[in-house]
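This report concerns only the one structure given below.
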2 protein chains.
Amino acid sequence: MLIQERETTRNWQPIIQQFEAIAGKNNVVRRKEELLVYECDGLTSYRNRPDVVVLPRTTAEVAAIVQVCAQNQIPFVTRGSGTGLSGGALPVDGCVLIVTTLMKQILEIDLENQRVVVQPGVINSWVTQAVSGAGFFYAPDPSSQIICSIGGNVAENSGGVHCLKYGVTTNHVLGLKVVTPTGEIVDMGGSLPEMPGYDLTGVFVGSEGTLGIATEVTLRLVKTPESIRVLLADFTSVEAAAATVSDIIGAGIIPGGIEMMDNLSINAVEDVVATNCYPRDAVAILLVEVDGLEVEAAENTKRVEAICLQNGARHVRIATDADERLTLWKGRKAAFAAMGKLSPDYYVQDGVIPRTKLEYVLKTIAELGDRYGYYVANVFHAGDGNLHPLILYDNAVPGALEQVEELGGEILKLCVKVGGSISGEHGIGADKRCYMPEMFSPADLETMQWVRQAIDPQTIANPTKLFPTPRTCGEAAKPSASQAFAGVDRF
Amino acid sequence: MLIQERETTRNWQPIIQQFEAIAGKNNVVRRKEELLVYECDGLTSYRNRPDVVVLPRTTAEVAAIVQVCAQNQIPFVTRGSGTGLSGGALPVDGCVLIVTTLMKQILEIDLENQRVVVQPGVINSWVTQAVSGAGFFYAPDPSSQIICSIGGNVAENSGGVHCLKYGVTTNHVLGLKVVTPTGEIVDMGGSLPEMPGYDLTGVFVGSEGTLGIATEVTLRLVKTPESIRVLLADFTSVEAAAATVSDIIGAGIIPGGIEMMDNLSINAVEDVVATNCYPRDAVAILLVEVDGLEVEAAENTKRVEAICLQNGARHVRIATDADERLTLWKGRKAAFAAMGKLSPDYYVQDGVIPRTKLEYVLKTIAELGDRYGYYVANVFHAGDGNLHPLILYDNAVPGALEQVEELGGEILKLCVKVGGSISGEHGIGADKRCYMPEMFSPADLETMQWVRQAIDPQTIANPTKLFPTPRTCGEAAKPSASQAFAGVDRF
């Protein structure tokens, strides 16, 4: 195993001593071999070793650590479970990585007011587990929900299957305790849906670690619906499936979620998990979950079924009990993992388009894939127009990653061109900052930077992330040679 | 008619000439008599004459006007329809008042993507009128909706009866074009529910004119529900009505709105508009609107009726058609106006409490009223715990306003004490800034001020509003002697 050495000019010893005094010797990681696990997050093609890792347990410890960083102008990057897909938790050169995995307490459960207060290292699915017995759930459900942390969800404003009806993370965070990059402890929001003054909670959610560290998060709980049904409809054209999505929403129905999978994804999934209910010859399938009162779910199921059939669905299968629902969802949940069967590597994009442009954009993505010579599978949140094109490639082929990144960029530009966005739920991070000027004018970006400078005058919180430096696309936005490792197989 | 003269040291002539060149001679108001109408907003107890009023028509004109202000360090205050209840549009000394009433165009209606783009002077109810034929509505509906402007709604993050289910203004603003206090034109958000980067739209909504002027607002439209029913339930105790509210929400039902009126309000309303359906001997009534699919509304109506009866409601009357619904709502809509029958003046408070504290807080408000010797009527959004205590008094009695303001302050402190907020939907403005430290620590307020300074480095946009100056309650937070007029009858 080869570990590249990087020059460091800082004398870390006095800093380390302070960190050890704050967090305890066991919670400061300094050995190179141990630092390896923190080199990347879910965006494994970008890697960089942090100089030090600290694992605090309390708000006070986080504040003390950040104060040391601020006094010494040391950049810090915050990391939760490290499942992010845009490199938000990728260490920057010479940084301290502050890892929240020891901050995993659910601090308060207040069912009467439908809220919980958690530490940032609490895993997303633990929240629902803690309250489901009382008839509640926590709505945002990224695919990684059994491993991703609430703190990471807050940083990236995570979405998920059910965000069509219930909204993304920002719609479910009532309040935050935050350690700012100057080491101050600040409360944002509170336990009420609306508070006077500036909505700093809203700015913090989705700020990708650039405005400080959330050390307590107050989350809104939602009542578990009385009834949930899932419909699986299969189509012989993408057009028909796309039109069905538009028609469902146009009819005023807001399903819990509407997911689409294309033929490539269907076959990958059937090869791997054999649901035996996704027809291998379908060009596209839709999974539609409707929920609410029993009467409401029954009525909406009828309506959705009719709309699917009107648009030429060959079959509509309806799951009413929990087991059947699980069977229908099983393939969708396994879709990303199943791509491993088709290709040694894949690159997942995350763009948003207006729902009405689905048909055109999917067709154009296929054409782009043909032009570049790569298969692109599509498994995505069709109801919100949140695409996840998966570009299949082999990292061992020299130059393939660069081509795939270029193709990914073309897809993002296409999203922006039709009035969409370069990110739905995975964030900008290190990966997509060079595309920010595609969406925002220099004045728009400058206004965001003013806010960043106001909260982090030394720019030590996750520097080089989110915003383009310099402001146009180019080499600067790509990882430096010392940062870039092409894949896990190099080790 | 006595108009107090105030010393001004600024030579306005060259500034006026620039304004006239930008907006046209007819759209610059300078004559004292004409300036009188702009002296106050809906908080009529605070008055101050602006030095100049300008009425721009376009984003470019607004930007040019603000640039003149910025170059000359002239404070500016923005005003929509002037219906605000916290003095947000109250002119500050030596200011230019920028009035948006000529910016009343609906710029774009995009039903396919369920959104509209409007200028800030567009009246709230015009939006629904423009799209109701196609089966859509704009959800936030303050009582002043037939006169208040969207720009004012954005500034104050306005609510309304239907915000229990549909959320307040911030949940319905997708994007903004903003002229910042430095005169730059910036786009915030867009036409999609979520955008990457900092959520500046969220910060701007509710910033009460301190971060610039919204010149275009992209609003989300909601599908009109298939069925709407209204229930009127009358109770012999506040406790029973309050418990009913908690039980409805606790059962997982989210009505369109739940409004409560107490005996004082009921009788005022029956005296004035004679609905003949609010029982005069009821201690409290609830108006509950349920909506959704026909089957869903029918089912929820049954459930709500049962919950009301279980909690001891004497009668439950149900309106299913539009006329009947209008009859039941008529009294609620006229409630504030009807207070004029009971008392020459009233002072309306706007606090929020956790729903579970309704009973305790209403009892304590009554005790506070007794102690101060004033009647307090309660007409409010019970479902969100958004209280509107109306303190009845006579402004002609010397010292009455001061006493009433003190009583209002006690009510706000009570709201904060039980975990609530000093403002639900009316904003902080000039009226409640001295109570901000009741809710926020010095570090919390300082962080907000950092953001303000970042966007408005000269603090010329609505200075002295929203934030306490100095930071504790006291004389400084009250209007200056030259500003304070006790009532309209002085003229």
Please work out which one of (1) closer than 14 Å to A:Thr218 by Cα; (2) away from every other protein chain (no Cβ under 14 Å); (3) charged (D, E, K, R) is the condition A:Arg47 fails and give its number.
(1)
I'm trying to understand the selection: among the residues of the stretch A:233-246, which are touching a Leu at 6+ places or on another chain (Cβ under 7 Å), among the aliphatic types (A, V, I, L, M) and part of a helix (DSSP H, G or I)?
A:Val238, A:Ala241, A:Ala242, A:Val245
Restricting to the stretch B:412-425, count the residues that are assigned to a loop (DSSP other than H, G, I, E, B), of a type outside the set (A, V, I, L, M) and touching a strand residue (DSSP E or B) at 6+ places or on another chain (Cβ under 8 Å).
4
If we ask which residues in the stretch A:446-462 are part of a helix (DSSP H, G or I) and out of contact with any Pro (no Cβ under 7 Å at 6 or more places or on another chain), their number turns out to be 9
Tally time: how many residues in the stretch A:411-440 are more than 23 Å from B:Asn113 (Cβ to Cβ) and of a type in the set (Asp, Glu)?
1
Could you list, ordered by first residue, the pairs with Cβ atoms under 8 Å in which the first is in the stretch B:92-109 and more than 19 Å from B:Val66 (Cβ to Cβ) and the second is outside any loop (DSSP other than H, G, I, E, B) and of a type in the set (Gly, Ala, Ser), at least 6 apart or interchain?
B:Ile106/B:Ala130; B:Ile109/B:Ala130
Here, helices (runs of 4 or more DSSP H) confined to the stretch A:1-92 with at least 1 residues that are charged (D, E, K, R) and touching a strand residue (DSSP E or B) at 6+ places or on another chain (Cβ under 6 Å) are A:13-23
Working only within the stretch A:410-443, note down all residues that are at the interface with chain B (Cβ under 10 Å from one of its Cβ atoms), buried (at least 24 other Cβ atoms within 10 Å of the Cβ) and more than 26 Å from A:Gly383 (Cβ to Cβ).
A:Arg433
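Go through the residues of the stretch A:253-266 one by one and say whether even a single one is among the charged types (D, E, K, R), farther than 21 Å from A:Asp321 by Cα and surrounded by fewer than 19 Cβ atoms within 10 Å (Cβ to Cβ).
no
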When you check B:Ala337 against the structure, is it assigned to a helix (DSSP H, G or I), at pLDDT 95 or above and farther than 20 Å from B:Ala241 by Cβ, yes or no?
no
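Residues checked against (1) under 28 Å from B:Met439 (Cβ atoms); (2) in contact with a helix residue (DSSP H, G or I) (Cβ under 7 Å, 6 or more places away or on another chain):
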| site | (1), (2) |
| --- | --- |
| A:Ile123 | no, no |
| A:Ser132 | no, no |
| A:Ala139 | yes, yes |
| A:Ile146 | no, yes |
| A:Gly167 | yes, no |
| A:Thr170 | yes, yes |
| A:Lys177 | yes, yes |
| A:Gly202 | yes, yes |
Can you pull out the residues in the stretch A:350-375 that are surrounded by fewer than 24 Cβ atoms within 10 Å (Cβ to Cβ) and outside any helix (DSSP H, G or I)?
A:Pro354, A:Gly373, A:Tyr374, A:Tyr375
Collect the residues in the stretch A:394-411 that are assigned to a helix (DSSP H, G or I) and over 12 Å from A:Leu368 (Cβ atoms), keeping them in residue-number order.
A:Ala400, A:Leu401, A:Glu402, A:Glu405
Out of all the residues in the stretch B:161-184, which are in contact with a strand residue (DSSP E or B) (Cβ under 9 Å, 6 or more places away or on another chain), closer than 29 Å to A:Lys357 by Cα and not hydroxyl-bearing (Ser, Thr, Tyr)?
B:Asn171, B:His172, B:Val173, B:Leu174, B:Gly175, B:Leu176, B:Lys177, B:Val178
Pair list, Cβ < 7 Å and 6+ apart or interchain, from the stretch A:138-150 residues that are under 16 Å from A:Val118 (Cα atoms) to residues that are outside any loop (DSSP other than H, G, I, E, B) and of a type in the set (Phe, Trp, Tyr):
A:Ala139/A:Tyr166
Residue count for the stretch B:202-223, restricted to those that are facing chain A (nearest Cβ under 8 Å) and either more than 22 Å from the chain's Cα centre (by Cα) or hydroxyl-bearing (Ser, Thr, Tyr) (or both)
2
The listed residue being more than 25 Å from A:Gln73 (Cα to Cα) and within 8 Å of chain B (Cβ to nearest Cβ), out of A:Gly159, A:Gly175:
A:Gly159
If we ask which residues in the stretch A:60-91 are of a type in the set (Ser, Thr, Tyr) and without any contact (Cβ under 8 Å) to a residue 40 or more places away in the chain, their number turns out to be 0
Which listed residue, of A:Leu362, A:Leu358, is within 14 Å of another protein chain (Cβ to nearest Cβ), of a type in the set (A, V, I, L, M) and either more than 30 Å from B:Leu174 (Cα to Cα) or touching a residue at least 60 places away in the same chain (Cβ under 8 Å) (or both):
A:Leu358
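Residue-wise test of (1) modelled with pLDDT of 95 or more; (2) of a type outside the set (Ser, Thr, Tyr); (3) more than 30 Å from B:Gly159 (Cβ to Cβ).
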residue	(1), (2), (3)
B:Glu5	no, yes, yes
B:Ile16	yes, yes, yes
B:Gly42	no, yes, no
B:Arg79	yes, yes, no
Taking the criterion of being outside the structural domain of A:Tyr278 (by TED's automatic domain parsing), crowded, with 17+ Cβ neighbours inside 10 Å, in contact with a Cys (Cβ under 7 Å, 6 or more places away or on another chain) and not polar (S, T, N, Q), would at least one residue in the stretch A:445-453 satisfy it?
no
Regarding A:Val230, is this residue more than 10 Å from every other protein chain (Cβ to nearest Cβ), touching a Phe, Trp or Tyr at 6+ places or on another chain (Cβ under 9 Å), more than 18 Å from A:Arg355 (Cα to Cα) and not in a helix (DSSP H, G or I)?
yes
Read through the list (1) within 30 Å of B:Tyr435 (Cα to Cα); (2) in contact with a Pro (Cβ under 6 Å, 6 or more places away or on another chain); (3) in a loop (DSSP other than H, G, I, E, B), then give the number of the only condition that A:Ala214 fails.
(3)
Could you list, in sequence order, the residues of the stretch B:283-308 that are in a strand (DSSP E or B) and away from every other protein chain (no Cβ under 14 Å)?
B:Ala284, B:Ile285, B:Leu286, B:Leu287, B:Val288, B:Glu289
Can you tell me which of B:Leu328, B:Leu390 is out of contact with any helix residue (DSSP H, G or I) (no Cβ under 8 Å at 6 or more places or on another chain), over 28 Å from A:Arg220 (Cβ atoms) and buried (at least 20 other Cβ atoms within 10 Å of the Cβ)?
B:Leu328
Only residues that are under 23 Å from the mean Cα position of the chain (by Cα) and of a type in the set (D, E, K, R): list them for the stretch B:236-286, please.
B:Glu259, B:Asp262
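The values are calculated or read from the model by the stated rules, or taken from the named source; none is laboratory data. This structure is a prediction, so every number in the text was calculated from the model and none was measured. Don't worry about glycine lacking a Cβ; one is built from the backbone with ideal geometry, like all the others, and counts go over all protein chains shown.
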